[in-house]
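Enquirer: I'd like to ask some things about the structure below.
Bear in mind these aren't lab numbers, they're just calculated from the coordinates by the rules spelled out. Here the structure is a predicted model, which is why all the values come from computation and not from measurement. Here Cβ is always computed from backbone atoms with ideal geometry, including for glycine, and neighbour counts include all displayed protein chains.
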Amino acid sequence: MEKDLVLEIKKLKQERGAVILAHNYQIPPIQDIADLLGDSLELAKVSRNLKNKLIVFCGVKFMAETAKILSPEKLVLLPVMEAGCPLADSISVDELKALRRKYPDYKVVSYVNSSAEVKALSDVCCTSANAVEVVRKLDSRHIIFTPDKNLGWWVKNNVPEKDMIIWEGFCPVHEKFDYQELKEARDAHPEAEVIVHPECPPEILENSDCILSTAGMLKRAKESKAENFIVGTEEGMIYRLKKENPHKHFYSLGKNKICEDMKKIELNDLYLSLRDKKYAVSLDERIINAARGALERMVAVG
């Protein structure tokens, strides 16, 4: 029974002195049992400052890697090692090296949705919450932005004075949102505020009310006078929005968009991860040292 499994997880967590971190897109039972729930920037900050020596990261691989890079002395577990990210996989180390050779005077800004090896080749990382500020404050007018083209488009729109080369990667989940869905959602809920993630295509970003990270969506939902919201991001976010704002209404922008990788971790996986201490995130010390600076600079921008 789920209730028994939850009790076993809580017992093991206490015995191990562990902390469970979960991304906002995780399935509801994982969100409910997590000690800390957040977006990439929030969880990066949290993982760096935790006193716990064991972190169980319920998210996808690049997130667990980020926690390990920021806290190399800690044991970081990813309950399902196959939980990956197509966006992170859309640029390889060789491709980024080629870009750096072609544009030697450009600084590389890599979205946190990237591999540890790509982070190690970057000057600074960013999240959807702070990408604009990271690029604006970077001491170079010439930027290579990887790997998300939609987030890159949004940044370029906000920092037009920068010369940006934008990699053509994208999140397959957010890329599915289209203008027809947005139009239909607005017609169905004309009083609703449209809040969307910057990984959505430009036609969605241009026609929304607010472009926000998932943490930004939570803040906006609480502070806005609107009672109804159309949400353009992975469907797991709607669960948390409803839970924290029970008197407001949230509708997906079109058919619910689901990230299969984010849904791979279930309660039994979390239980086995705590019980058997699997699967430990292991990174070469050279990669950790090279990537940590880029991530620390990201966190410092906030």
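Enquirer: For the chain, what is the mean residue ellipticity at 222 nm derived from helices alone (per DSSP H run of n ≥ 4: -39500 (n - 2.57); sum divided by total residues; nearest 500 deg cm²/dmol)?
Expert: Helix contribution divided over all residues of the chain: -12500 deg cm²/dmol.
Enquirer: Treating cross-link reach as a plain straight distance, find the aspartates and glutamates whose alpha-carbon is under 12 Å from the alpha-carbon of K242, omitting any fewer than eight places away in the same chain.
Expert: Candidates past the 8-residue exclusion: E227.
Enquirer: Using the Kirkwood radius over C-alpha pairs as Rh, can you work out the diffusion coefficient of the chain via Stokes-Einstein at 37 °C, viscosity 0.692 mPa s, in µm² per second?
Expert: Result for D is 167 µm²/s.
Enquirer: Also, quick follow-up: Taking the Cβ of V299 as the centre, find all other residues whose Cβ is under 11 Å away and add up their charges (Lys, Arg: +1; Asp, Glu: -1).
Expert: Numbers: positive: K45, R48, R292, R297; negative: E42, E296.
It works out to a net charge of +2.
Enquirer: Please give every one of the lysines within straight-line cross-link reach of K102, meaning a C-alpha to C-alpha distance under 26 Å, and leave out same-chain neighbours fewer than 8 residues apart.
Expert: Candidates past the 8-residue exclusion: K119, K137, K149, K156, K162.
Enquirer: Can you put S140, S282 in order of Cβ neighbours within 10 angstrom, beginning with the fewest?
Expert: S282, S140
Enquirer: In the stretch 211-302, if every C-alpha pair distance is counted and binned at 10 Å from zero, what percent goes to each bin?
Expert: For the stretch 211-302, the pair-distance distribution reads 13, 28, 28, 25, 6.
Enquirer: In whole angstrom, note down how far apart the Cα centers of the stretch 110-187 and the stretch 26-101 are.
Expert: The stretch 110-187 and the stretch 26-101 have Cα centres separated by 18 Å.
Enquirer: Let me confirm the definition first: pairs of Lys residues in the stretch 1-97, 8 or more apart or on different chains, C-alpha distance under 23 Å. How many are there?
Expert: Summing the qualifying lysine pairs gives 27.
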